[in-house]
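Since the structure comes first, as structure tokens, the remarks are kept for the end.
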Amino acid sequence: MPNGPDFSRSDKVKVVTADAAVANIKNGSRVFIGSGCGEPQHLIHAMVKDATIQDIMVFQMLSFTLDQYLKDTDFLERFALKLFFVSIPMQEAAFEGKIDYIPAYLSEIPHFFRSNQIGLDVALIQISPPDQFGFASLGISVDVTREAVRNAKLVIAQVNPRMPTTYGDGFIHVKNVDFLVYFEEELGEHGPEAQDPEITRRIARYVSELVDDGSTLQVGYGQLPYSVLPFLDNKKDLGVHTHMITDAFLPLLKNGVITNSVKNYMPDRAVATFCMGSREIYDYIDKNPSFYFGTADFVNNPGIVGQNDNFISISSALEVDLTGQVCSDKVDRMFFSGTGDQTNFIRGAALSRGGLSIIVLPSTSEDGTASRIVATLGEGAGLATLRADVNFVVTEYGIAQLQGKSIYQRVVELAQIAHPDFRASLIASAKRYRYIFADQLPPPAKDLIFIEEYKSRVHLKNNKVMAVQPLLPSDEIAFRNFFYSLKKETVSLRFFADIKTFSRKMAQSHWAQLDYRKNISLIGVVRNKGNKEIAAIGTYSGCGNRRAEVAFVVHDDFHNLGIAGFLLEMLEKIAADNGFKGFRATVLPENKSMLHVFNRRYPDAKQHMRGGEIEMVMDFGQ
Ligand SMILES: CC(C)(COP(=O)(O)OP(=O)(O)OC[C@H]1O[C@@H](n2cnc3c(N)ncnc32)[C@H](O)[C@@H]1OP(=O)(O)O)[C@@H](O)C(=O)NCCC(=O)NCCS
């Protein structure tokens with residue numbers, strides 16, 4: 001029975017039971033149902049149980065409650081489900097043809113309703129109890145529901161005291177509702193699924209390298225993007241402009257990492273379009289002015305997204321092919337999730353000043369038998385993001401930066417972040433498809449595997465952390481840029497000559513036909529708006545004897561932070577693992593800094609003057 005303000009005397013609004021309300025649904029109606037955890041469960045059950053209701057076409061974004069009826073043939077005869085997104089419980093039904101999937105950007109669904117492209121006879125929604133002015137909130141499901149209410153001929157609302165009141169575009173006046181049904185029940189809940197913690201941790205660490213303090217985040221639908229969030233707890237003043245709020249945001253909100261305070265667009269508020277999670281997050285967003293829940297055509301619109309400076313979209317993929325095409329809605333012949341708004345947020349990130357987008361995915365299927373970096377997308381795979389739109393791709397093996405890169409460079413980048421077991425076959429396919437040509441350097445697959453374990457991080461004397469990794473073929477452009485950023489004196493100290501240009505031949509000499517066990521370069525990497533910049537290089541090369549030649553260049557901006565010392569230690573480890581007993585180096589006598597680094601690690605080093613240069617012989621393990 002009604003337990004809220006009495007609107008029953010209003011001319012239009014009628015407070016009734018669910019059975020009485022759904023009795024007004026005419027046969028043949030097109031019925032919109034509120035989405036996700038905001039589904040009006042009580043109304044849905046009442047509609048299904050009323051056997052007189054026949055031939056109904058249901059439109060819904062995220063559907064959960066109807067799942068329990070999908071084995072009932074009578075239900076399937078009476079209700080045709082058209083879903084904009086295939087949630088996990090609905091995947092089998094979609095595969096068996098029991099339900100239909102409508103590929104659509106969520107941001108465009110309101111337009112379908114407005115333009116009558118999808119005409120609506122009825123909207124079943126759920127709202128908070130109306131306030132003294134008659135306004136109720138769509139709470140956790142503003143998304144496409146707001147526009148459905150505006151366009152449906154008949155609106156039936158379940159008034160549920162457990163629906164939070166959210167600020168933004170989700171208020172509707174009860175005069176726009178035909179029937180109010182007061183019924184209290186717990187909202188749908190959506191918990192995280194278990195992820196491989198080690199893979200998540202490794203992916204999150206790479207994502208963290210790309211997220212600067214003060215960035216505004218969008219986190220895409222799916223478990224992996226959300227499980228990256230806890231690893232951003234060392235960031236400052238993050239903002240949120242996303243489609244879905246979940247519990248995963250709570251720790252960052254509560255410990256002050258997400259403040260929304262430096263956002264330039266809609267500052268001081270986390271902007272979203274719906275919320276799915278537990279009671280804890282529902283209580284947190286209730287009447288909380290630091291959230292703004294807007295409609296999907298506003299929040300997810302790339303033009304709006306792009307107004308956020310330093311906007312970072314983090315979303316997931318099922319597969320990425322070697323050219324960068326992203327599949328997110330279909331595996332083999334099974335529809336899986338939906339187009340969603342991944343592309344909109346990625347396009348928005350491209351429009352944002354300082355923005356970037358990241359696709360995260362584990363390198364293999366859960367059982368490890370299939371690579372998710374693939375030579376070509378599987379038969380029937382749905383393209384969510386085009387190769388021209390894709391930017392960063394991150395697996396547990398690293399970061400591939402694809403935007404602005406040629407097909408060859410993409411192959412190299414992506415092969416390096418594929419699981420080691422699949423790298424050789426990916427490279428072989430790339431050659432077969434003529435993505436890599438004979439005059440281009442093929443990444444040596446066996447060496448890529450070997451060097452994987454030599455990725456590390458150095459804590460600098462300025463309290464920053466720098467990623468250290470082996471120099472790979474994909475680093476050619478960054479290496480080139482590094483060379484040209486060095487001062488003339490630095491170049492001559494390193495190369496003992498006035499080298500003016502960095503030829504392709506010279507670059508290739510760092511990789512071509514390289515045996516990485518005998519020759520390896522480690523680079524210190526910094527990211528500037530995600531772009532990889534080399535800050536230091538340490539190299540050893542074996543020349544047939546058991547002492548390898550070692551040399552370093554650290555960019556002038558990073559001197560005396562401990563980088564060369566760290567690289568030397570790492571190079572020694574790799575060299576020792578590969579049978580070398582020591583290093584040799586040639587140093588100019590005025591190069592006090594280099595001499596200091598060597599003498600500190602090898603106090604018993606032998607030094608000889610030859611032609612005005614000091615030749616050092618440094619043996620390990622002393
Ligand atoms: C030499 C070079 C690689 C050192 O790199 P770096 O990352 O600055 O080195 P680190 O920070 O690890 O160590 C530098 C050490 O030298 C010390 N140092 C610097 N200037 C010095 C000087 N004039 N006299 C004595 N010690 C000096 C620093 O205090 C530091 O020692 P500490 O850590 O004990 O305090 C860098 O200066 C460089 O790239 N130079 C140009 C290229 C070059 O000379 N390459 C060597 C060719 S073999």
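Summary table below
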{"item": "Extreme residue, modelled with the highest pLDDT, among residues of the stretch 488-519 that are within 16 Å of the ligand (Cβ to nearest atom) and among the β-branched types (Val, Ile, Thr)", "result": "Thr490"}
{"item": "Flag for Asp74 being touching a residue at least 24 places away in the same chain (Cβ under 8 Å), at negative phi and in a helix (DSSP H, G or I)", "result": "no"}
{"item": "Residue match in the stretch 206-217 (condition: at negative phi, at pLDDT 95 or above and of a type in the set (Phe, Trp, Tyr))", "result": "no"}
{"item": "Qualifying positions in the stretch 550-567 - more than 7 Å from the ligand (Cβ to nearest atom) and within 16 Å of Lys592 (Cβ to Cβ)", "result": "Asp556"}
{"item": "Some residue of the stretch 45-62 being assigned to a strand (DSSP E or B), among the polar types (S, T, N, Q) and either under 14 Å from Val122 (Cβ atoms) or open to solvent by less than 10 Å² (accessible area, probe 1.4 Å) (or both)", "result": "yes"}
{"item": "Residues within the stretch 296-315 that are polar (S, T, N, Q) and crowded, with 24+ Cβ neighbours inside 10 Å, tallied", "result": "4"}
{"item": "Test: residue in the stretch 533-547 that is of a type in the set (Asp, Glu), surrounded by fewer than 21 Cβ atoms within 10 Å (Cβ to Cβ), without any contact (Cβ under 8 Å) to a residue 40 or more places away in the chain and not assigned by TED's automatic domain parsing to the domain that holds Val393", "result": "no"}
{"item": "Filter result (surrounded by fewer than 19 Cβ atoms within 10 Å (Cβ to Cβ), on the phi < 0 side of the Ramachandran plot and assigned to a loop (DSSP other than H, G, I, E, B)) within the stretch 218-256", "result": "Asp233, Asn234, Lys235, Lys236, Asn255"}
{"item": "The lone exception for Leu351 - which of (1) open to solvent by 20 Å² or more (accessible area, probe 1.4 Å); (2) out of contact with any helix residue (DSSP H, G or I) (no Cβ under 8 Å at 6 or more places or on another chain) it fails", "result": "(2)"}
{"item": "Scan of the stretch 426-476 for residues that are open to solvent by less than 20 Å² (accessible area, probe 1.4 Å), modelled with pLDDT of 85 or more, away from the ligand (no atom under 16 Å from the Cβ) and of a type outside the set (Phe, Trp, Tyr), ordered by number", "result": "Leu426, Ile427, Ser429, Ala430, Pro470"}
{"item": "Leading residue by the ranking (surrounded by the fewest Cβ atoms within 10 Å (Cβ to Cβ)) among those in the stretch 118-166 that are of a type in the set (S, T, N, Q) and over 32 Å from the mean Cα position of the chain (by Cα)", "result": "Gln132"}
{"item": "Residue list for the stretch 372-423, filter: among the β-branched types (Val, Ile, Thr) and buried (at least 18 other Cβ atoms within 10 Å of the Cβ)", "result": "Ile373, Val374, Thr385, Val390, Val393, Val394, Thr395, Ile399, Val411, Val412, Ile417"}
{"item": "Qualifying residue in the stretch 602-619 (condition: more than 20 Å from Asn481 (Cβ to Cβ) and under 42 Å from the mean Cα position of the chain (by Cα))", "result": "no"}
{"item": "All positions within the stretch 568-592 that are near the ligand (Cβ under 8 Å from one of its atoms) and surrounded by 20 or more Cβ atoms within 10 Å (Cβ to Cβ)", "result": "Leu568, Ala585, Val587"}
{"item": "Subset of the stretch 528-549 that is within 16 Å of the ligand (Cβ to nearest atom) and not hydrophobic (A, V, I, L, M, F, W, C) - its residue that is farthest from the chain's Cα centre (by Cα)", "result": "Arg547"}
{"item": "Inter-residue pairs, beta-carbon under 7 Å, first on the phi < 0 side of the Ramachandran plot and in the stretch 417-434, second open to solvent by 40 Å² or more (accessible area, probe 1.4 Å) and among the aliphatic types (A, V, I, L, M), 6+ apart", "result": "Pro420/Ile449; Arg423/Ile449"}
{"item": "Verdict on Asp169 being acidic (Asp, Glu), modelled with pLDDT of 95 or more and within 30 Å of the chain's Cα centre (by Cα)", "result": "yes"}
{"item": "Qualifying residue in the stretch 197-205 (condition: open to solvent by less than 60 Å² (accessible area, probe 1.4 Å) and under 27 Å from Gly306 (Cβ atoms))", "result": "yes"}
{"item": "Residue that is least open to solvent (accessible area, probe 1.4 Å), among those in the stretch 593-609 that are closer than 25 Å to Tyr516 by Cα and within 12 Å of the ligand (Cβ to nearest atom)", "result": "Phe598"}
{"item": "Any pair with Cβ under 6 angstrom, 6 or more apart, that starts in the stretch 582-605 at a residue that is under 14 Å from Ile563 (Cβ atoms) and ends at one that is in a strand (DSSP E or B) and near the ligand (Cβ under 6 Å from one of its atoms)", "result": "Met594/Val587"}
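The values are calculated or read from the model by the stated rules, or taken from the named source; none is laboratory data. Keep in mind that what you see is a predicted model, and the values were worked out from it rather than measured. All Cβ positions, even for glycine, are placed from backbone atoms using ideal geometry, and neighbour counts span all protein chains on display. Side chains are part of the model used for accessible areas, which takes the heavy atoms of the whole protein and leaves out ligands, DNA and RNA. Shrake-Rupley method; radii C 1.70, N 1.55, O 1.52, S 1.80 Å.
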